[in-house]
1. Let me know the shape class of segment 38-107, please: from the alpha-carbon gyration tensor, a ≥ b ≥ c as square roots of the eigenvalues, rounded when a/c is under 1.5, otherwise prolate if a/b is greater than b/c, or oblate.
2. Just to check I understand the Karplus step: with θ = phi - 60° and J = 6.51 cos²θ - 1.76 cosθ + 1.60, what whole-Hz values come out for segment 96-105, glycine and proline as x?
3. Show me, for segment 64-78, the HN-Hα J-couplings you get by feeding each phi into the Karplus relation (A = 6.51, B = -1.76, C = 1.60, θ = phi - 60°), rounded to Hz, glycine and proline as x.
4. Quantify, in whole percent, the carbon and sulfur part of the accessible surface of segment 33-90 (1.4 Å probe; protein heavy atoms only).
5. GLU46's amide H: which non-local residues (gap 5+, or another chain) put their own amide H closer than 5 Å, with H modeled 1.01 Å from N in plane and none for Pro or chain starts?
6. Show me 60-73, 32-45 ranked by packing, highest mean number of other Cβ atoms within 10 Å first.
Amino acid sequence: MKKAHICLVVACTLMAAACGGSSTSVNTSRLTDREKEWVEFSYAHEKSEDTKRTWEQLPAEGVKSYLDQQRTRLCGDTAALMQSLKEAGYTADEMQEYKNKTAELIC
C-alpha cells in the first residue's frame, strides 16, 4: 500500500511542476489540461517532501509515463487507494477529496 501512495504522490508532484505558470516545479508540458490540474492538486496536497522532490526531478516524458502507469491503480482499486492515503496520514476529508479529484480529472 505504501508503494501505491508513493507512486501517486510522485505522479502528482511531477505533473504539477511541469505546468506552465504553475507554482510547482514539476514538468507537466506533456500532459492534458485535466492531467495538469490533477498533478497540481496532488502535488499541493502531498505530505512527503521526498516525494515532491522526486516529482520535481522527472522530465516531462517521465511525468507522463508515470501517470499513465499509475492510472490503473488510481482509478481501479479505490480501497487500496484510500488505504494508502490513510497510511500516509491523510484525514478522511482529504482522502475523499483526493478520490473525487482523481475520478473527475484522470479516470
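The values are calculated or read from the model by the stated rules, or taken from the named source; none is laboratory data. Just so we're clear, the structure is a prediction, and the values are computed from it rather than from any experiment. With ideal geometry, Cβ positions are generated from the backbone for all residues, glycine too; neighbour counts draw on all protein chains shown. Surface accessibility is based on the protein's heavy atoms, side chains included, excluding ligands, DNA and RNA. Shrake-Rupley method; radii C 1.70, N 1.55, O 1.52, S 1.80 Å.
1. In terms of gyration-tensor shape, oblate.
2. Running phi through 6.51 cos²θ - 1.76 cosθ + 1.60 with θ = phi - 60° gives 5, 4, 4, 4, 5, 5, 4, 4, 5, 9 Hz.
3. For segment 64-78, the Karplus-derived couplings read 4, 4, 5, 4, 4, 5, 8, 3, 5, 5, 5, 9, x, 10, 4 Hz, x marking Gly and Pro.
4. About 45 percent, which is the carbon plus sulfur part of the accessible surface.
5. none
6. The most tightly packed comes first, giving 32-45, 60-73.
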